[in-house]
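This report refers to the structure that appears directly beneath it.
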Amino acid sequence: MMEKKKLYGETLKEQYEASAKDRVHRFMLADGAVRGAILYGTRMINEMRSNHELGILETLVLGRAFLGAGLMASGLKNRDRIVLKIDCSGPIRGLVVEANAFGEVRGYLKQVPIPIERPLENTDLSSFFGAGMLSVIRHPTGAKTPFTSQVALRYGNLAKDLAAYYVESEQVPTAFRLGIDFDREGNVAGAGGLFLQALPAADDALARELEDRVHTLPPIGAEFGRNRDPKRLVNTCFEEFSPVFTEDTRIEFMCHCNRERLRGLLSMLPADELKDIAENGPFPVELRCHFCNTRFEFPRESIRRIYGQRYPDG
């Protein structure tokens, strides 16, 4: 199973208390003309960073994708899941993040560490993305094949690129705000995101007004770093649109990888390659899950057993 580094205490009670704040709160604005969600995810981003052993730049890139995918998954049902994928020409190279209807988010960067020529001066990451494609892959419950939509990266700013995706691919006016705030020591002090989407009852003027409002909000990561309550933040910033909260659900860095799945990958290796590993090692053979960086070790006896079962006549 996934091994999550314990940043918030050793006992189940301590872990539960620490996770209580990490939630996605869904709401409606303007008499149901606009739907929204606000995500408080400070613990999730801290755990993601710790497991993947990320620096500040890498945490910003992958963390914003975690927040964005978590917001996009907030309306999923049953066993639905969504995958956010970026392939780009810049030093980031790309990322993959998956979120499901249970509020579980996992993912990885394609390049760690991200090479930089000079210290990071601000949180504008456009130069690190370059040209590329943003793909959204939906896995509805019961569907035989996933549904994939793809758009070009326009901004190198995930919040803006996700909004552009919804306009281009689904013709739905949408706005995102994603934020991660660091303290003076470089630790994640606050992380969260906001999502607004116009429904058919919303006219163009309302959609534009709310989109402008999202872009003028105070930095959401910094607000959560100061322990600002997410529901109070929505009520304050959108007071004249009469927010009505409908539901809140958990959000968590979680991966369901396990030893048997990794063992299965080893057993699929070509006979000569698996035989060479079984004879020459080095041991223990170490495999890591891309999505959560959990390490699984296989000693010599396990590798020989896998080879013997896969190629009994070898």
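Over 25 Å between Cα atoms: which of LYS4/LYS144; LYS21/LYS110; LYS6/LYS85; LYS4/LYS160; LYS77/LYS231; LYS6/LYS160 fall into that group?
LYS4/LYS144; LYS21/LYS110; LYS6/LYS85; LYS4/LYS160; LYS6/LYS160
What is the packing order of peptides 62-75, 171-184, taking the mean over residues of other C-beta atoms within 10 Å and listing the highest first?
62-75, 171-184
Just the isolated ones, please: cysteines in the chain lacking another cysteine beta carbon under 4.7 angstrom.
CYS88, CYS237
If I compute Cα extents along the principal axes in Å from the structure I just sent, which labelled value in (i) 57, 46, 43; (ii) 60, 46, 38; (iii) 73, 42, 42 lines up?
(iii)
Which order do the peptides 131-143, 212-224 take when ranked by the mean count of other beta-carbon atoms within 10 Å per residue, highest first?
Put in order of decreasing packing, that is 212-224, 131-143.
Can you give the extra length, in nm with one decimal, that the chain gains between ALA152 and VAL167 once fully stretched, where that is 0.36 nm per residue apart less the Cα-Cα distance?
4.2 nm
Separation between the SER89 and GLU279 pseudo-spin-labels, each 7 Å from Cα along Cα→Cβ, expressed in nm?
With each label placed 7 Å out from Cα toward Cβ, I get 4.6 nm.
Near VAL105, within a Cβ-to-Cβ distance under 9 Å, what is the net charge of the other residues, with Lys and Arg +1 and Asp and Glu -1?
Details: positive: ARG106; negative: GLU98, GLU104, GLU252.
Net charge around VAL105: -2.
Sum up the charges of everything whose Cβ sits under 12 Å from the Cβ of ARG23, counting Lys and Arg as +1 and Asp and Glu as -1, but leave ARG23 out.
Neighbour charge sum, excluding ARG23 itself: 0.
Considering only C-alpha atoms, what is the centroid distance from segment 29-80 to segment 283-314, in Å?
Segment 29-80 and segment 283-314 have Cα centres separated by 33 Å.
For MET1 and SER126 in the same chain, what is the full-extension length gain: residue separation times 0.36 nm, less their Cα-Cα distance, in nm? Each step should come with its number before you reach the end.
Numbers: separation 125, 0.36 × 125 = 45.00 nm, distance 3.57 nm.
Net length gain for the segment: 41.4 nm.
Values in this text are rule-based calculations from the coordinates and carry no lab data. Predicted model, so just to flag it, every value in this text is computed and none were measured. Note that we place each Cβ from the backbone using ideal geometry, even for glycine, and neighbour counts take in every protein chain shown.
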